[in-house]
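S.K.: Structure in C-alpha cells, see below.
The values are calculated or read from the model by the stated rules, or taken from the named source; none is laboratory data. None of these values were measured; they are calculated from a predicted model. Positions of Cβ are backbone-derived with ideal geometry, glycine not excepted, and every protein chain shown enters the neighbour counts. Just so you know, the surface numbers come from the protein's heavy atoms only, side chains and all, with ligands and any DNA or RNA stripped out. Shrake-Rupley method; radii C 1.70, N 1.55, O 1.52, S 1.80 Å.
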Amino acid sequence: MPIQLTVAVLLILSAIGYWIGRQRAMSVSGGRVASLHSVPNYYGSFVAVWAGIPALLLVLFFLMLKGPVIEMLVLGAMSPDAVLSWAKASISPNDFQALSTAGIAGADALAETQRNLMMINIRNLATGQERFVNPAVVDALLPAAQHMQHLEATSRWSLFAICMAIAAGALFITHRKITPQFRARNNVERVVTWGLIVCSVIAILTTVGIVLSLLFESMRFFARVSPVEFLFGLQWSPQTAIRADQVGASGAFGAIPLFTGTLLIATVAMAVALPLGLLSAIYLSEYAPRRVRDTVKPVLEILAGIPTVVYGFFAILTVAPFVRDMGVALGLPVSSNSALAAGIVMGIMIVPFVSSLSDDVINAVPQSLRDGSYGLGATRSETIRQVILPAALPGIVGAFLLAVSRAIGETMIVVMAAGMAANLTFNPLDAVTTVTVQIAALLTGDQEFESAKTLSAFALGFVLFFATLALNVVALRVVQKYREKYD
Amino acid sequence: MEAMTMSQTVDPGAAAAGKIVKMSSRGTKVFYGEKRALHGIDVDIYRNEVLALIGPSGCGKSTFLRTLNRMNDTIDICRVEGKLMLDDQDIYDPKLDVVQLRARVGMVFQKPNPFPKSIYENIIYGPKLHGLATRKDEFDAIVEASLQRAGLWNEVKDRLLEPGTGLSGGQQQRLCIARAIAVSPEVILMDEPCSALDPIATAHIEELIDELRENFTIVIVTHNMQQAARVSQRTAFFHLGDLVEVGETEDIFTNPRDERTQGYITGRYG
C-alpha cells in the first residue's frame, strides 16, 4: 500500500465529507436554510476538515519517523555473525582486526560511518537494487533486508488502516454533531486561524533554522580559527594545505579586507543610487506631469526586474572598460576589475529600490503642507528642500538603510565585476573582493567539507547576516516611527 | 445683460463712501478640464474690509478664493479666464511672479497646517524666503510681532523652539495666521479657517480677524452664516458657480434681494 494512495483516499474521503456535511445540514434545517446557525457550506467544510486534517497530519508524522525507526529495528535484530561477515568484506583489514578482537555483540559495535554504509547496502538489497551491493556481502545481509521489507510493508498497511479509522471516526462524529444550532462557521474559522498560525510559524522556524545552521557551522570554524583573528586579521588567504608537503598553503583568515571591500563597494553603490534614486523620486512626485509619471515610473521599475547576472555583463563589458579608459586618460592606475565599476553598476541596480520607496514617502507628506508653503510664496524647490524633504526624511533614511542592506548582500555583480583579490584598500580604483563573493567562491566546486577554508564561508555568512539584520531592524524602526506621524 | 450683472454685483455706492478697491474681479471664469466651476464673477474687495464668501458646498467660493493668489496653478487641469486685479497689477499677467503675488496675498487654510518644525521656524519660514530679514534680532522681532498680532505670543513665548505640530488645533490655526502675517501681506485669504476648531478656538480666531482688519484686507470663506455676520463687513453669496449677490453684510442677512440668497440664509437649502 503506497503512501500516495493513502493520501489520495484521505483527500477523497474529505471531499465526500464536505458533501455529506452539506447534505446533513440541509436535511436538519428542514428546508429552511436560514434556520441554520451557519451557511450549509460551513457544515461541509467542518466535516471535510476534521475528516482530512488529523489523518493527514498522522501521515506527515509517520513519514518523518518511519526511516529512523525501521533502521533501528533492523539493526537491533541483526545477528553479530551477519555484521561480522559484512565487515570482513567491507572495511579495512586493520579496522576489522580491531573489531573482531574486541568481540562483537551486534551492529552497535560498528563506527557510525560504517553503520551507515551497511545500512545503505541493506536498503539497496531491500529495494531490489542488488547491482549496487558487493556480491560478497549479499548473503550476510539478506535476512536484514527481508526484515526491512517486511517492516516497511507492515508499517504502510497499518498507517492506511489507522488513517481510515481516524477519518471514518471523524466523519461519523462530525456528522452526528450537525444540528441547526451547531456553530460550524466559528469552528471552521478557528481551524483557518490555526492554519495561518502554522504557516507563519513555519516561516519563522525556517529563519531560525537558517540562523542556527549558520551558527553551528560558524562554531566549527571558530574552533579552528580564533574569532579575534577572523574579525580583526588583516590578511585573507583561505587556502589550506590538503597534503602536508604542499607549497604556499598557509591559511590566513583575517576578514577585514573583505569587510572593507564590501563597505567600499556599498559606499560607491549608495553614492550612485541615493542621488539618482532620490532626485528621480522628487522629479516624479513633485514636478512630472501625470502622463510622464505614469510612463516613467513603470519603466524605472523595470530596472528592478533585470536579473543581477545581466547587470554583471553590463559591468564587465561596458562600465569596467569605460572606467579603466577614463583612468588611463587621466593617468591613474586602474585595475581592470575595479571597485568603482562594480559599485556604479550595483548603484544603478538599487536606483529603483531607492526611488520607489522615496516616492512613497514623499507622496505621504500631506498636500496641506505643500499648500501652506506655496501660499507663503515659496517656489517648488524651496518647498521641497524646506518642507517636504524634512518631513519625509525618516522615511527616506529607512529607504536608504534598506538599500544599503541590499547592496551589502548583492553577490552576482561583484563576482563578475569586482574580482577576487582581497586587497585591504580604500581606493575605489583597485580590485577588491566582498564577503558575498568569497562565500560564493569558497562553496562552489568540490570542497572538502571539514576544512577551515570551507567552514569560513559560514562564519562570513554569519557576520553578513548580522550586519544586514541590524540594518533592516534600524530601517524598519525608522520607517515605523515615520508612519505613526502621518497616518 | 452684461451691464445689468455689473450693476447688480458691483456696489455703486462704494466709491462715494471713500472706499478704495484693493482687489477686483471681472468676468472670472474657472475651468477644471471641460467642466466650468465659475461662470463669470464680478466683485470688488475693498481695503481694510472683511469680505465673507458664503454659499452651499461646491458653489465655487473656495475656487474663487484660490484664484486670488493663483493657488489654482498647482492643479494641472485648472484654467482661469477673466480679469483679476490686485491694485494696478493683473494677477494672471504671464509676466507676474507668482512668488511675489503670494507674498502680497497670503493664505490660511481649512485645516491648520503648521510645518513639522519649531514654532519659531514656522514663523520665519516666509520672511526667510523673501529675504525680509537677515539678522537674528530682526527675525526675533518678526516672530514676536507676528505672534502678538495673532494673539498667540503669551501662550507660546516660552516654548518657541518646540514643534508647531504640538500645539492644540486652535493654537495651530493662529500659528498659521501668524505665519501668514509674518511676510506682511496686503491681503489675507482664509478658507474656512474655523471649520476644524471647537467653539472657543473659533471665537478666538473671529476676534483676531476683526483686529487684523485694521492692517489687512481679508477674504474669508465660511459655511457658518453667524460667523459671516459676525466678522465681515460685506458678504458675497455664491450659488452653482455664480455670484448671486454681494453687499453690506447687514443688508444681505436682513434684506436679501435674490430669493436664492434668502433661501440659503433662512436654511431652506445648502
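S.K.: Residues to consider are A:ALA145, A:ALA140, A:ALA161, A:ALA167; find the one that is over 38 Å from the mean Cα position of the chain (by Cα), surrounded by 12 or more Cβ atoms within 10 Å (Cβ to Cβ) and assigned to a helix (DSSP H, G or I).
M.R.: Of A:ALA145, A:ALA140, A:ALA161, A:ALA167, the one residue that is over 38 Å from the mean Cα position of the chain (by Cα), surrounded by 12 or more Cβ atoms within 10 Å (Cβ to Cβ) and assigned to a helix (DSSP H, G or I) is A:ALA140.
S.K.: Looking only at segment B:167-183, which residues are part of a helix (DSSP H, G or I) and away from chain A (no Cβ under 12 Å)? Write out each step before concluding.
M.R.: Within segment B:167-183, the subset part of a helix (DSSP H, G or I) is B:169-181.
Selection gives B:GLY169, B:GLY170, B:GLN171, B:ARG174.
S.K.: Being touching a residue at least 24 places away in the same chain (Cβ under 8 Å), in the same structural domain as A:TRP157 (by TED's automatic domain parsing) and closer than 30 Å to A:ILE120 by Cβ narrows it down to one residue among A:ALA55, A:ALA87; which is it?
M.R.: Going through A:ALA55, A:ALA87 in turn, the sole match is A:ALA87.
S.K.: Please specify each residue of segment B:71-98 satisfying the condition of being within 14 Å of chain A (Cβ to nearest Cβ), touching a residue at least 24 places away in the same chain (Cβ under 8 Å) and either more than 17 Å from the chain's Cα centre (by Cα) or part of a helix (DSSP H, G or I) (or both).
M.R.: Within segment B:71-98, B:MET71, B:ASN72, B:ASP73, B:ILE75, B:ILE77, B:CYS78, B:VAL98 qualify.
S.K.: Identify, please: which residue in segment B:207-227 is open to solvent by 20 Å² or more (accessible area, probe 1.4 Å) and either closer than 26 Å to B:TYR264 by Cα or free of Cβ contacts under 8 Å to residues at least 60 places away in the same chain (or both) and is, among those, nearest to the other protein chains (Cβ to nearest Cβ)?
M.R.: Residue satisfying both the conditions and the ranking: B:HIS223.
S.K.: Here's another thing I want to ask about it. Sort through A:ILE396, A:ILE388, A:ILE413 and tell me the only one that's open to solvent by 10 Å² or more (accessible area, probe 1.4 Å), under 28 Å from A:ASP360 (Cα atoms), in contact (Cβ under 8 Å) with a residue 12 or more places away in the chain and of a type outside the set (Ser, Thr, Tyr).
M.R.: Details: A:ILE388 fails: open to solvent by 10 Å² or more (accessible area, probe 1.4 Å); A:ILE413 fails: open to solvent by 10 Å² or more (accessible area, probe 1.4 Å).
Residue meeting the stated conditions: A:ILE396.
S.K.: If a residue must be surrounded by 19 or more Cβ atoms within 10 Å (Cβ to Cβ) and in contact with a strand residue (DSSP E or B) (Cβ under 6 Å, 6 or more places away or on another chain), how many such residues does segment B:243-259 contain?
M.R.: Counting residues in segment B:243-259 that are surrounded by 19 or more Cβ atoms within 10 Å (Cβ to Cβ) and in contact with a strand residue (DSSP E or B) (Cβ under 6 Å, 6 or more places away or on another chain) gives 6.
S.K.: Could you go through segment B:143-156 and let me know if any residue there is surrounded by 15 or more Cβ atoms within 10 Å (Cβ to Cβ), in contact with a strand residue (DSSP E or B) (Cβ under 8 Å, 6 or more places away or on another chain) and closer than 30 Å to B:MET85 by Cβ.
M.R.: No, segment B:143-156 has no match at all.
S.K.: Go through the residues of segment B:164-181 one by one and say whether even a single one is within 16 Å of B:SER62 (Cβ to Cβ) and buried (at least 23 other Cβ atoms within 10 Å of the Cβ).
M.R.: No, every residue in segment B:164-181 fails to be within 16 Å of B:SER62 (Cβ to Cβ) and buried (at least 23 other Cβ atoms within 10 Å of the Cβ).
S.K.: Taking segment A:424-459, which residues are open to solvent by 40 Å² or more (accessible area, probe 1.4 Å), in a loop (DSSP other than H, G, I, E, B) and over 15 Å from A:ALA342 (Cα atoms)?
M.R.: Residues satisfying the conditions are A:LEU424, A:THR444, A:GLY445, A:ASP446, A:GLN447, A:GLU448, A:PHE449, A:GLU450.
S.K.: Does A:SER85 count as at pLDDT 85 or above, part of a helix (DSSP H, G or I) and among the polar types (S, T, N, Q)? Give the derivation first.
M.R.: Numbers: at pLDDT 85 or above: no; part of a helix (DSSP H, G or I): yes; among the polar types (S, T, N, Q): yes.
Taking the combined requirement at face value, the residue does not satisfy it.
S.K.: Would you say B:ASP93 is on the phi < 0 side of the Ramachandran plot and open to solvent by 50 Å² or more (accessible area, probe 1.4 Å)?
M.R.: no
S.K.: Could you grab me the full set of residues in segment B:184-206 that are of a type outside the set (Val, Ile, Thr) and either part of a loop (DSSP other than H, G, I, E, B) or open to solvent by less than 10 Å² (accessible area, probe 1.4 Å) (or both)?
M.R.: The answer is B:SER184, B:PRO185, B:GLU186, B:LEU189, B:MET190, B:GLU192, B:PRO193, B:CYS194, B:SER195, B:ALA196, B:LEU197, B:ASP198.
S.K.: Among the candidates A:ALA378, A:ALA399, A:ALA391, A:ALA403, which residue alone is within 7 Å of chain B (Cβ to nearest Cβ), closer than 26 Å to A:ASN472 by Cβ and among the aliphatic types (A, V, I, L, M)?
M.R.: The conditions single out A:ALA391.
S.K.: Sticking with this one: All but one of (1) within 14 Å of another protein chain (Cβ to nearest Cβ); (2) under 26 Å from B:ASP242 (Cβ atoms); (3) touching a Leu at 6+ places or on another chain (Cβ under 6 Å) hold for B:PRO114, so report the exception by its number.
M.R.: All conditions pass for B:PRO114, except number (2).
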